[in-house]
Amino acid sequence: MIKLIYGHERSQFPDLIDEMHCLRKQVFHDRLKWSVPIQGDWEIDEFDEQDPLYVLSVDCNNRLQGALRLLPTTGPNMLRNVFAEITKVSGPVENPLVWESSRFCIRFSGDRDQRESNLISKATVELIAGMGEVGLLAGLDHVVTVYDAFLRRIIRQTGCSETLIGSPVRYGKVQTYAGLFEVNRIQLEAFKRVWGLQDTLIEVESRQRVFAA
């Protein structure tokens, strides 16, 4: 199931927000050794102050299994402010119908995570489908994301395809790409059929609260 939480609603969902930031630290800081800002057990950065929409995959016990963050490309975002070299020639992505996905992370079990396995987790396909549902509800054309070579391979294994923008750039030891993913109802429905997902993944309460307007 997918839960949606806006940044300004963080205080209403303290347990899930805590799990999300702890998971981000475990994945990006502890395992991948990326240079990311840390506050105690949390990974949290300046883009969390921009009222993002968090897309969370939870199990039947409401325990977080994976998360990603969505931000409009018309304001501060990672592609524009952190990875601007990728679009140095092509120009920045700035469109009200395009949102940026960032901080995609999946809970690992034991000593292994998805980066050490060829298996595609349920949380991975739920997050991708959930992002597609959000895009349709928000009237988006595309979602743009920055990712490394490994995550690009995982995304392609799920059956998704992207349009690369700009030029890949190596940041530290990581080859980094930016890709545009079309928000398309027919493609989303086909994706759900392939992975055996239910018609609607977003919980009713989240859908009503976030898209009431």
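The values are calculated or read from the model by the stated rules, or taken from the named source; none is laboratory data. Remember, it's a predicted structure, so these values are computed and weren't measured experimentally. Virtual Cβ from ideal backbone geometry, glycine too; neighbours counted across all protein chains shown. Areas reflect the complete protein model, heavy atoms only, side chains present, ligands, DNA and RNA absent. Shrake-Rupley method; radii C 1.70, N 1.55, O 1.52, S 1.80 Å.
Estimated from helical segments only, the mean residue ellipticity of the chain at 222 nm is -8000 deg cm²/dmol, where each DSSP H run of four or more residues counts as -39500 (n - 2.57).
A simple charge model with +1 on the Cβ of Lys and Arg, -1 on the Cβ of Asp and Glu and nothing else charged puts the dipole of region 158-208 at about 260 debye relative to its Cα centre.
Evaluated with a Cβ-only charge set (Lys, Arg +1; Asp, Glu -1), region 52-183 carries a dipole of roughly 400 debye about its Cα centre, given to the nearest 20. Here, region 1-61 has an Rg and a Dmax of 11.8, 33 Å when only alpha carbons are counted.
Membrane-span-like helices in the chain, defined purely by DSSP H runs whose alpha carbon atoms cover 20 Å or more axially and whose average Kyte-Doolittle hydropathy reaches -1.0, are 122-137. The orientation-averaged projected area of the convex hull spanned by the Cα atoms of region 13-166 comes to 9.4 nm².
In the context of the full set of protein chains, region 117-213 has a per residue accessible area of 52 Å² (1.4 Å probe).
Of the residues PRO14, ASN81, LEU151, the one whose Cα sits farthest towards the positive end of the charge dipole of the chain is LEU151 (charges of +1 on Lys and Arg Cβ, -1 on Asp and Glu Cβ, taken about the Cα centre).
Near LYS122, which lysines are there with a Cα under 16 Å away, not counting those fewer than 8 places off in the same chain? By straight Cα distance, LYS122 reaches LYS3, LYS192.
Based on Cα contacts under 8 Å between residues 6+ apart, the chain shows a relative contact order of 21 percent.
Of the accessible area of the chain, computed with a 1.4 Å probe over protein heavy atoms only, carbon and sulfur atoms account for 50 percent.
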